[in-house]
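Every number in this text was worked out from the coordinates using simple rules, so none of it is lab data. Keep in mind it's a predicted model, so treat the numbers as computed, not measured. Cβ sites come from the backbone with ideal geometry, for glycine too, and all protein chains shown count toward neighbours.
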Amino acid sequence: MAQVTLNKVVKKFDQTEAVRGIDLDIADQEFVVLVGPSGCGKSTTLRMIAGLEETTAGEIVIGGQIVNDLPPKDRDIAMVFQNYALYPHMTVFENMSFGLRLKKFPKAEIKQRVERAARILDITELLQRRPRQLSGGQRQRVAMGRAIVRNPKVFLFDEPLSNLDAKLRVQMRTEIKKVHQQVRTTTVYVTHDQVEAMTLADRVVVMNGGLIEQIGTPHELYHTPKTRFVAGFIGSPAMNFLPCRLVEHSGALSAQMGGGLTLPVPAERSATYRSYLNRDLIFGIRPEHVTETRSYGAGAEFTMPVDVVEPMGMETMIYFVVDGAEVCARVSPEAALQPGERMRFMADMRHMHLIDPENDGVIEVPASARVNGAATAA
Amino acid sequence: MSDTIPRTAASGNTAAAIARPGSLYRMSRQRSTIAFLFALPLLVVIGGLIVYPGVYAMYLSTLNTRMNRFIGLGNYTFLFSRDTFWMVVEQSCLFAITAVIFKALIGIVTAHLVNNLPSKGQRKWRGMLLIPWVMPLSLSTLGWRWLLDPTYSAFNWLFAQVGGPQIGWLSDPMWARFSAILVNVWFGAPFFLIMYLAALKSVPGELYEAASIDGATAWQKLIHVTLPMMRNIISITVLFSLIVTFANYDIVNVLTAGGPRNMTHVFATWAFQLGIASGDIPLGASVSLFMFPILGVCAFFILRGVRQRGREI
């Protein structure tokens, strides 16, 4: 059990800077997910915490001790690899007990620890098998078991689910969450899958280009993204972005998109946005906030010809084009029309975002002028 | 009616005519047939160059010296009664086993060293270390003969400069045996190096990272990860090298020609000496056939281990 702190950590490979000075505080027992596109430096960061990569600058602190110069074995961490990295010539029991055997633990304790971990992961009957005889999901469990028996200060997961099929991935995700609830150990988890990040994490760290874009709870990242990157990365389907100009008509602000679409800005946001009047900005809104017109709830209505229809079962995605940019709307299946037909949409402007293209930052709105995801009723 | 019969007969004929090439076509399309056809050139080569001479050698070994009378196992009983034969058995085993052990050890150490070199210089070293193996063996052995020659030995000259002893590299029986093994190790170690290097590179890097996190030292990684992962390659390389070393001819022939006092003869050189040089072809054939059961037993055990591990991993 331990805190993990990263202080201005930098990693350079020859000339390229993979990690460009990041600060991160991870509390004891916290489950933190590093998420970002490939090449954003998330795996490198994890490997630096593990000690598999040296840090170029900055310091890493685990449990109050600076570990920069400690080899992996002295950092008291356990890691689960993407390809499991099980020793193919050892049985499951031997794989799980390898670290303990190297540390010369008494045989009885090794047996007891392995059996306990096997019970937690439900792999007791596999202990005498070899990795080759296991399915992908079972190998994943063994890899986790190997980490659990060590009883380390920190668990590190490096994209552990990306080699599993979609169904198994969802199942193992729940499994990992369950294990963390039982064995409350500080966990750092790397993934490129934002759904994994949202479902598992106490806090999510979104990384891009070797820098941290934003750190926050899944809820914060989803509803109050700080940058255009986070706004676009978190959420599926992704947030719609449209170039717009902020204009004023008789005291009320509105966002003027291309193609003749103008949507009114909620009055409570006027004070915040007024300084951006007549500036070119980017308007952002999530698909679930563009719907068919509904008798309940408030919103700005407009009509657009339907371009593409994607039925998903419980909802239908409808795409339409505004001045060359595709916009996705999430409508109820009964309300969906056919491509080419003109459909009446409603945008819930209380969930709109405005992005300043100069710094790609989302213009911050005070909490009083925001609605949270849960409180949608006016 | 009269014209219906010939028509059916004709159609029956066409059906049969189609069926015959059809079945031939089907047969030619079968995987086993295709596999056989692809393997056929090799089977012809093996049959012509290995099976036929092998069987012929067995036949020859049952004849008398003038090859005009069948004497059964007479040549073998004669060999068993000769001290030189048992010396050749001993020398062949000593030569092959010692040389293979040293080749394997040197191969594994150099493979590790080369593998740990930065990738930039690695190719250069790999190329240079392979030179002994790619040079024509008789040529390089000639070079060694000059280094070890009783009169002109370069090594002895060097020793003389520092006041060391003068050694009869090729004239003293024990040193001659040593020299033959030394040259064989020099020639064969690069083969082990390249095989082990390939095997080392095929071990997933993640296993070493997992082992580092599990707390393994470099030595423990070698014992618990590298060697178990390479066991099959090591076995097969050792088997292959054992066969080639056991059957070695050029080194001993060029270096010592079996001398002094037949002490450095191995099966192949002694068989040549008896069969071709001394003209007793049946006796030479009997000697050469002795390699077969010895290597057969080695191959059986090594390949059985490989198969078992193949099932495990």
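Structure above, values below:
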| quantity | calculated |
| --- | --- |
| Restraint check, A:Lys107/A:Lys153; A:Lys178/B:Lys201; A:Lys73/B:Lys201, Cα-Cα greater than 31 Å | A:Lys178/B:Lys201 |
| Max mean-square fluctuation residue, GNM over chain B, Cα-Cα springs under 10 Å, options B:Ser286, B:Ser32, B:Ser92 | B:Ser32 |
| Residue mean of other protein chain beta carbons inside 10 Å, A:129-141 | 1 |
| Shielding by partners - mean other protein chain Cβ count within 10 Å, residues of A:98-104 | 4 |
| Approximate spin-label separation B:Leu49-A:Glu364, in nm, with each point projected 7 Å along Cα-to-Cβ | 8.0 |
| Part-to-part distance (alpha-carbon centres) for the stretch B:32-85 and the stretch A:1-74, which is given in Å | 68 |
| Under Karplus coefficients 6.51, -1.76 and 1.60, residue-wise ³J(HN,Hα) of the stretch A:302-317 in Hz, glycine/proline x | 7, 10, 9, x, 6, 9, 9, 10, 10, x, 10, x, 6, 8, 10, 8 |
| On Cα atoms only, tilt of B:83-115 relative to the major axis of chain B in degrees | 90 |
| Computed FRET value (nearest 0.05) for A:Thr303 with A:Asp280, which takes r as the C-beta separation and R₀ as 30 Å | 0.75 |
| The protein assembly as shown, helix-only ellipticity at 222 nm - DSSP H runs n ≥ 4, -39,500 (n - 2.57), divided by all residues, nearest 500 | -15000 deg cm²/dmol |
| Nitroxide proxy distance, nm - points 7 Å out along Cα→Cβ at A:Lys178 and B:Val134 | 5.8 |
| Within the protein assembly as shown: Cβ-based charge dipole about Cα centre, in debye rounded to nearest 20 (Lys, Arg +1; Asp, Glu -1) | 2740 |
| Radius of gyration and maximum dimension Dmax of the stretch A:238-369, Cα, Å | 14.8, 43 |
| Average other protein chain Cβ within 10 Å of Cβ, residues B:200-213 | 6 |
| Point-charge dipole on Cβ atoms (K/R +1, D/E -1) for the stretch B:243-313, about Cα centre, debye to 20 | 380 |
| Added length on full extension, which subtracts the Cα-Cα distance from 0.36 nm per residue, A:Val195 to A:Phe105 | 28.5 nm |
| As computed over chain B, the Cα convex hull volume per residue (Å³) | 269 |
| Zone residues, the stretch A:76-119, relative to B:Arg231, backbone N less than 12 Å from point 7 Å out along Cα-to-Cβ | A:88-91 |
| Extreme residue, positive dipole direction of the stretch B:69-198, given options B:Val89, B:Met174, B:Leu193 (C-beta unit charges) | B:Leu193 |
| Whole-angstrom gap from the stretch B:271-313 to the stretch A:82-124, using each part's C-alpha centre | 44 |
| Along principal axes, Cα extents of the stretch B:104-144, largest first, whole Å | 35, 23, 12 |
| Hull-based mean projected area of the protein assembly as shown, where the convex hull spans the alpha carbons, in square nanometres | 57.3 |
| Mean separation of Cα contacts under 8 Å, 6 or more apart, over the residue count of the stretch A:238-369: relative contact order % | 28 |
| Among B:Ala154, B:Ala285, B:Ala39, residue whose mean-square fluctuation peaks in a GNM of chain B (springs only between Cα atoms under 10 Å) | B:Ala39 |
| Order of A:Lys226, A:Lys11, A:Lys42, B:Lys103 under a 10 Å beta carbon neighbour criterion, fewest first | A:Lys226, A:Lys11, B:Lys103, A:Lys42 |
| B:Leu42-B:Ala198 FRET efficiency (beta carbon distance; Förster radius 25 Å; 0.05 resolution) | 0.60 |
| Percent antiparallel among DSSP beta bridges (both partners in the protein assembly as shown, rounded to 5) | 80 |
| Candidates A:Asp307, A:Asp158, A:Asp348: whichever shows maximal mean-square fluctuation once chain A is modelled as a Gaussian network with Cα springs under 10 Å | A:Asp307 |
| Note, ³J(HN,Hα) from phi for the stretch A:94-111, Karplus 6.51, -1.76, 1.60, rounded to Hz, x at Gly and Pro | 5, 4, 5, 8, 3, x, 5, 5, 5, 7, 6, 6, x, 4, 4, 5, 4, 4 |
| Leading residue at positive end of dipole, the protein assembly as shown (Cβ point charges), from A:Gly299, A:Ala78, B:Trp144 | B:Trp144 |
| A:Gln256-A:Arg20 FRET efficiency (beta carbon distance; Förster radius 30 Å; 0.05 resolution) | 0.20 |
| Under-5 Å amide H pairs with A:Glu213, H placed in peptide plane, nonlocal only | A:Val206, A:Met207, A:Asn208 |
| Chain B, relative contact order in percent, only Cα pairs under 8 angstrom and at least six apart counted | 24 |
| Computed over chain A: relative contact order in percent, which uses C-alpha pairs under 8 Å that are six or more apart | 15 |
| Cα-centre dipole for the stretch A:60-133 with unit charges at Cβ (Lys and Arg positive, Asp and Glu negative), debye to 20 | 280 |
| Integer Hz, Karplus 6.51/-1.76/1.60 couplings in order for the stretch A:112-127, x for Gly and Pro | 5, 5, 5, 5, 5, 4, 5, 5, 4, 9, 6, 10, 4, 6, 9, 4 |
| For chain A: Kirkwood Rh in Å [reciprocal of mean 1/r, alpha carbons] | 23.3 |
| Cβ-based net charge around A:Ser275, under 15 Å, with every Lys or Arg adding one and every Asp or Glu removing one | -1 |
| Where a label projected 7 Å from the Cα of B:Arg304 along Cα→Cβ would reach, residues of the stretch B:232-264 with amide N under 18 Å | B:232, B:235-236, B:239-240 |
| Net lengthening on full extension, B:Asn64/B:Ser81 (0.36 nm per residue, minus Cα-Cα) | 4.5 nm |
